[in-house]
Every structure is written in C-alpha cells, then in structure tokens.
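One structure is given here, and the rest of the page talks about it.
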Amino acid sequence: MHATASNAMTAPDRSVEAARNARDSRNDRVFGAVLKVCALLVLLSLVGAAGSTLWLGQDAFRTFGWGFLTSAAWDPSNDQYGALVPIMGTVGTALIALVVAVPISFGIALFLTEIAPQWLRGPVASAIELLAGIPSIIYGMWGLFIFAPFVAEHIKPWLMNNFSADPPDGKVSWLVQHVPGIAKFFSSEYPFFGAGVLTAGLVLAVMIIPFISSVMREVFQTVPTRLKESAYALGSSTWEVVWDIVVPYTRTAVIGGVFLGLGRALGETMAVAFVLGNTFKFSLSFLETGSSIASTIANQFGEAQGLQRSSLMALAFLLFVVTFIVLLIARLMLRRLATKEGR
C-alpha cells in the first residue's frame, strides 16, 4: 500500500518533468533553427553580393575576356577598360601597409602587456582603440593636406636620391649602379609630388595599426601567467619570454589578427582615394601614382554608364575574389600551424 501511494505521488512529478523536457527540446530546436537562419543569411548575403557584381559585370568580362585582368588601359572615351592597374594598386598599398603596421603593432602589444606600468596600460590602450573609430575620410584628409606634403618634401626625395636612376640631386648612388633592377621600384616623373602608392600604403598602415595591435594585445593577455613567471624564474630575459613563450602560444591568433588588418586595408576607399593619385598608368614604382579597385569605383561610378559601369562592377567582383584569396591563404596557414601544433 505504501509503494502504491509513493507511485501515485510521483506520477504528477513525472508528468511535469516530461512536459519540461518537451518544452526544453522544442526551445532548443527553435534556437538551433534561428542560428541556422542567421548563418544562412550571412552566406546568402555574401553569395548575393558576389553574384550580383558578377552578373552586372558580365558585359565587361564578355567584351574583354581574360584581357580585362591583364590590360592597363582605362579609357572611357574609347570604351577600353582593364583591371591591372587597380588590382596592382590595391595589392601594393595593402602589402606596404602590412609591412609597416605589423612590426609596430607587435611592439605596441608587447609594450602594453609586458613592459608598460599598470597606470599607463589603460590610457594607451584606450587611445589606440579610439584611433580605430576615426572615420576613414579624416585619415584621407590628414594624408592629403599634412602627410603627402611631408612625403614630397622629405621621404620621396631621399628615396629617389638613394635608389632611383634619375635622382633629383643628379648623383646616381652606388647601390643603383651595382644592383640592377632596384631603380624601377623607386622612379617617379614627379619627384616633389607627395601622392602615390607609398603614401597611400603608409596612411593605410596608420589605419590598421589599431586593429592589429588590439587583437595582438588581447591574445597576448591570454598567455597563462605561470608560464611567463616560470621562464623568468629560470633566468630568461623579457625578449626570451616573448619569443619562446608568448609568440608560440598565441601564434595562430596573431596571424588571424594580421589578416584581419589586411582585409581592412584591401577594402579601404576614401583614405586611399585622397592620396593614391587616381591615375591609370602602369608602373612598378612605389613612388608613382596609381589607383585601387575601391577608389576607382568610388570616383567613377556616379557618372558611369554602359560598358564603363559594367567594368566597375567587374572590378567590384574582382575585389571579392582578391579578398577571398587572402582569407583562403589565411585559413590554410592557420590550418597548417594547427597541424604542426598537433591540434
């Protein structure tokens, strides 16, 4: 009789528990469906944007074929268009920005996590994060009115005097005489004009330093304190701790942050449009003016019609392709590192 009463008392509890389990299972399914929809929306947006640019740029691809990728011509009056100069400008400025920004960002992150006193870390980190919020047009105006004249007066003449075959001072350096081919990367028809690929790359470097340094600082802070203290206890210097403990522990995340900055540089528009020069002359020199994909679209799309508009949309699709290739390379590098680390 006691067992029957016990079973009768637990029956309602079991029904309540079954109802709760059913409700939780239903909520989980709804939550999972919502997450899948969100993920699919991102993919659909990406595919839709890439597909629409490809569709609207098909006239340019059909007219010029593969020659669109290798042609340096951009002549709206004769309807002749090529993507070579904008592609080279986009990749060139982004690589210059990366070469300059990565070491500086690495130093900033290490200073804030390993060397700076506690009272200084907060204000400096906040100032760097504020730089990331400055609109790109402000960087462009600063580059045009302040930095470009500085480049024209100091940096560009010095580079041409030491690395160009036609230096402003008329004296060809020993390096140019004995290293064939180096002069073509530092030649310029306008020695005292500040805008160009190098200037745009340096402005981009200033723009992406806050992004890369913030990511590096955050990942450096994830290194367990015991690992670093153990290394210091064994007599390691700060450099040895950084190189042997911090960098290997955070290598994958650091590379991800670097490629995040590279993606930011590839798609920048307004800042580059101010200081790149926006010319379509093919040149291997970093000191010459040029054009990028984003700045070309921004400058010409408002008045473009017919084949010119189709060519601009084809450029937009190529920007998708370039960005995808960069991200693919980053993924392959991260996967290779993870394989080496045994993950």
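May I ask you to list the lysines whose Cα is less than 17 Å away from that of Lys171, ignoring any residue fewer than eight positions away on the same chain?
Within the straight-line limit of under 17 Å, Lys171 reaches these lysines: Lys156, Lys184.
Sort the following peptides by mean Cβ neighbour count (other Cβ atoms within 10 Å, averaged over residues), highest first: 287-293, 125-131, 258-264.
287-293, 258-264, 125-131
With a cut-off of 8 Å between alpha carbons and a minimum separation of six or more residues, what is the relative contact order of the stretch 211-329 in percent?
Value for the stretch 211-329: 22 percent.
Gln80's amide H: which non-local residues (gap 5+, or another chain) put their own amide H closer than 5 Å, with H modeled 1.01 Å from N in plane and none for Pro or chain starts?
Close amide H contacts, sequence-distant or interchain: Asp75.
Can you list the HN-Hα couplings for the stretch 159-168, worked out from phi with the Karplus curve (6.51, -1.76, 1.60; θ = phi - 60°), rounded to whole Hz and with x for Gly and Pro?
Each residue of the stretch 159-168 in turn: 4, 5, 5, 9, 10, 9, 7, 10, x, x Hz.
Sort the stretch 37-190 into rounded, prolate or oblate with this rule: let a ≥ b ≥ c be the square roots of the eigenvalues of the Cα gyration tensor; rounded if a/c is under 1.5, and if a/c is not under 1.5, prolate when a/b is larger than b/c, oblate otherwise.
oblate
Can you give the extra length, in nm with one decimal, that the chain gains between Ile182 and Phe301 once fully stretched, where that is 0.36 nm per residue apart less the Cα-Cα distance?
Once the chain is fully extended between Ile182 and Phe301, it gains 39.2 nm.
Please list, in order along the stretch 278-284, the HN-Hα scalar couplings obtained from phi with the Karplus expression 6.51 cos²θ - 1.76 cosθ + 1.60 (θ = phi - 60°), rounded to whole Hz, x for Gly and Pro.
Those phi angles translate into 6, 10, 10, 9, 6, 7, 8 Hz.
First check a/c for the stretch 158-277, with a ≥ b ≥ c the square roots of the eigenvalues of its C-alpha gyration tensor; if it is under 1.5, answer rounded, and if not, answer prolate when a/b is larger than b/c or oblate otherwise.
Here the stretch 158-277 falls in the oblate category.
Convert each backbone phi in the stretch 104-113 into a coupling constant with the Karplus relation 6.51 cos²θ - 1.76 cosθ + 1.60 (shift: θ = phi - 60°), then list the ³J(HN,Hα) values in order as whole Hz, x for Gly and Pro.
Ordered by residue, 3J(HN,Hα) equals 5, 4, 4, x, 4, 4, 5, 4, 6, 9 Hz.
Under a crude label model (7 Å from the Cα following the beta-carbon direction), how far is Ser230 from Asp59 in nanometres?
Taking the simple label geometry, Ser230 and Asp59 are separated by 6.6 nm.
I need the calculated FRET efficiency for the pair Trp174 and Ala50, taking r as the beta carbon distance and R₀ as 41 Å, to the nearest 0.05.
Step by step, r from the Cβ atoms, then E = 0.25.
With a ≥ b ≥ c the root eigenvalues of the C-alpha gyration tensor of the chain, is it rounded (a/c under 1.5), prolate (a/b larger than b/c) or oblate?
In terms of gyration-tensor shape, oblate.
Near the amide H of Thr279, under 5 Å away, which other amide H atoms are found, from residues 5 or more places off or on another chain, if H is placed in the peptide plane?
Gly290, Ser291
Which whole-number percentage describes the relative contact order of the stretch 67-126, with Cα contacts under 8 Å and a sequence gap of 6 or more?
Result for the stretch 67-126 is 19 percent.
Return the distance in nm (one decimal) between the two label points of a simple spin-label model at Glu189 and Arg23, each offset 7 Å from Cα along Cα→Cβ.
Reported label-point gap for Glu189 and Arg23 is 7.6 nm.
Ranked highest first by average number of other Cβ atoms within 10 Å, how do 25-32, 194-201, 171-178, 243-250 line up?
The most tightly packed comes first, giving 194-201, 243-250, 171-178, 25-32.
For the chain, set up a Gaussian network in which alpha carbons nearer than 10 Å are linked by springs, and say which option among Ala101, Ala18, Ala39 fluctuates the most.
Of Ala101, Ala18, Ala39, the Gaussian network model singles out Ala18 as fluctuating most.
Which FRET efficiency value, to the nearest 0.05, do you get for Phe150 and Ile104 by plugging their Cβ-Cβ distance into 1/(1 + (r/R0)^6) with R0 = 25 Å?
That pair, Phe150 with Ile104, gives E of 0.90.
Is it possible to state the helix-based mean residue ellipticity at 222 nm for the chain, with each DSSP H run of 4+ residues giving -39500 (n - 2.57), the sum divided by total residues, to the nearest 500 deg cm²/dmol? What is it?
The helix-only estimate for the chain comes to -22500 deg cm²/dmol at 222 nm.
Can you order the peptides 81-89, 213-221, 302-310 by their average number of other Cβ atoms within 10 Å per residue, highest first?
By packing density, highest mean first, the sequence is 81-89, 213-221, 302-310.
Rank Leu319, Leu202, Leu332 by mean-square fluctuation in a GNM of the chain with C-alpha springs under 10 angstrom and give only the top-ranked residue.
Leu332
Over the chain, what is the relative contact order in whole percent, taking alpha-carbon pairs under 8 Å and six or more residues apart?
Relative contact order here is 26 percent.
Just name one of Trp239, Phe61, Pro86: the one whose Cα is farthest towards the positive end of the charge dipole of the chain (beta-carbon charges, Lys/Arg +1, Asp/Glu -1).
Positive-most Cα among the choices belongs to Trp239.
Laboratory data are not the source of any read-out in this text; all were calculated from the coordinates shown. Not measured: the values here are computed from a predicted model. Note: ideal-geometry Cβ built from the backbone for every residue, glycine included; neighbour counts use all protein chains shown.
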